[in-house]
Amino acid sequence: MSLVVNNNLMAANTARTLNQHYGRLQTSTQRLSSGMRINSAADDAAGLAIRELQRADIAALQQGARNANDAISMIQTADGALGVIDEKLIRLKELAEQAATGTYDSTQRLMIESEYQAMASEITRIANATDFNGIKLLDGSLSGAHKGDGASAGPNGDGKKADGSVDLNSTGKMKIHFGTGNDSAEDYYYVTIGDCTASALGVGNQAGIDSDGYTVSTQEAAQKALVGINNAIVSKDKIRAHLGAMQNRLENTITNLNVQAENLQAAESRISDVDVATEMTQFVRNQILTQSAVAMLGQANSLPQMAMQLIGG
């Protein structure tokens with residue numbers, strides 16, 4: 001190579017090499033400081049796309065697990081109220097048994113009847129008052145046919161009240177959504193809760209007059225009420241058994257969602273996270289090459305001075 005002063009090609013070549021090493025050193029520093037192998041689309045475009053989709057699924061699965069936990073809380077609320085209704089039904093059967101014997105006269109049976117009807121009214125009050133986040137649980141709102149995603153049927157079947165305003169009260173089956181998509185076989189299922197009012201259970205004067213559990217005001221009626229109350233207890237137990245089965249299913253669903261989220265997190269980590277040991281090796285290598293290039297650039301910049309010495313000589 002000729003000794004020239006106009007173009008220092010050796011310095012230009014060294015500067016280009018220095019820029020390359022410095023760029024790699026900057027990338028290693030960014031990866032080590034962030035802990036991420038992919039910090040921009042330029043690092044790995046395909047990997048970035050896969051990572052973002054996985055992150056979206058992980059967030060959706062974690063929220064799905066919270067949705068399922070909320071459903072369990074709702075079921076536990078309903079089951080707790082049904083436990084109280086169970087106590088009232090037991091008391092009703094006790095009163096019917098008392099009124100069914102012949103040692104009481106009509107006046108005394110009317111006293112028993114008074115408490116009997118009060119207990120039946122209390123069952124209805126509990127059923128109507130039990131709600132979760134404003135959603136009525138035991139009054140039959142969640143036992144009917146599904147009429148859309150949480151929208152009330154309304155008088156016209158369009159989710160609107162008679163005055164045209166939107167009815168925000170949920171009716172029909174309740175959809176519990178926990179998956180990342182909208183596939184009925186994979187991402188959600190429905191929870192139903194039967195009507196637990198006294199009229200639906202067939203006890204008290206709120207039920208039909210032909211109902212066995214209508215009254216205990218006479219000995220004959222009290223004897224019939226024993227059968228009616230027993231049927232009411234069976235109906236209530238079926239609802240509680242269904243809720244228990246749904247709670248167990250939701251708990252298994254939550255376990256599966258957590259496992260899915262954990263596995264996706266591991267997959268996302270393998271794509272996105274930096275291998276610190278490997279990257280640190282690259283960092284040291286690039287650091288040494290950068291330092292070497294800086295030293296050689298200083299030497300290359302001094303070469304034109306040798307030409308000046310010849311001129312001066």
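The values are calculated or read from the model by the stated rules, or taken from the named source; none is laboratory data. Computed from a prediction, not measured in an experiment: that's the story for all the values here. All Cβ positions, even for glycine, are placed from backbone atoms using ideal geometry, and neighbour counts span all protein chains on display.
Residue-level check: of (1) in contact (Cβ under 8 Å) with a residue 40 or more places away in the chain; (2) assigned by TED's automatic domain parsing to the domain that holds Arg55; (3) over 27 Å from Gly35 (Cα atoms); (4) surrounded by 12 or more Cβ atoms within 10 Å (Cβ to Cβ), Lys238 misses just (4). Of the candidates Ile271, Ile239, Ile311, the single residue that is touching a Gly at 6+ places or on another chain (Cβ under 6 Å) and over 24 Å from Glu52 (Cα atoms) is Ile239. Thr130 meets the conditions (1) in contact with a Cys (Cβ under 9 Å, 6 or more places away or on another chain); (2) modelled with pLDDT under 90 in every case but one. The failed one is (2). When restricted to residues that are touching a residue at least 40 places away in the same chain (Cβ under 8 Å) and outside any loop (DSSP other than H, G, I, E, B), segment 194-220 contains 7.
Report yes if Arg16 is of a type outside the set (Gly, Ala, Ser), modelled with pLDDT of 85 or more, out of contact with any strand residue (DSSP E or B) (no Cβ under 9 Å at 6 or more places or on another chain) and closer than 30 Å to Lys175 by Cα, otherwise no. Criteria not met by Arg16. Against the definition (buried (at least 19 other Cβ atoms within 10 Å of the Cβ) and either without any contact (Cβ under 8 Å) to a residue 24 or more places away in the chain or among the charged types (D, E, K, R) (or both)), how does Arg55 come out, yes or no? No, not satisfied.
Put simply, of Thr171, Thr197, Thr192, Thr180 the only residue that is under 16 Å from the mean Cα position of the chain (by Cα), polar (S, T, N, Q) and either surrounded by 14 or more Cβ atoms within 10 Å (Cβ to Cβ) or modelled with pLDDT under 90 (or both) is Thr180. Would you call Met74 crowded, with 17+ Cβ neighbours inside 10 Å and closer than 30 Å to Ala200 by Cα? Yes: the conditions hold for Met74.
Matching residues to (1) over 30 Å from Leu137 (Cβ atoms); (2) aliphatic (A, V, I, L, M):
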residue	(1), (2)
Asp43	yes, no
Leu53	yes, yes
Ser73	no, no
Gln76	no, no
Ala81	no, yes
Val84	no, yes
Gln98	yes, no
Gln108	yes, no
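Taking the conditions (1) surrounded by 12 or more Cβ atoms within 10 Å (Cβ to Cβ); (2) aliphatic (A, V, I, L, M); (3) at pLDDT 95 or above in turn, Val259 satisfies each one other than (1). Suppose we keep only residues that are over 21 Å from the mean Cα position of the chain (by Cα) and charged (D, E, K, R) within segment 133-168. Which one would you say is modelled with the highest pLDDT? Across segment 133-168, the extreme among qualifying residues is Asp139.
Using the structure shown, decide if Ile38 is of a type in the set (A, V, I, L, M, F, W, C), assigned to a helix (DSSP H, G or I) and at pLDDT 85 or above.
So Ile38 fails the test.
Residues in segment 283-291 include none that are at pLDDT 90 or above, hydrophobic (A, V, I, L, M, F, W, C) and surrounded by 14 or more Cβ atoms within 10 Å (Cβ to Cβ).
In the condition set (1) surrounded by 19 or more Cβ atoms within 10 Å (Cβ to Cβ); (2) out of contact with any strand residue (DSSP E or B) (no Cβ under 6 Å at 6 or more places or on another chain), Gly202 is compliant with all but (2).
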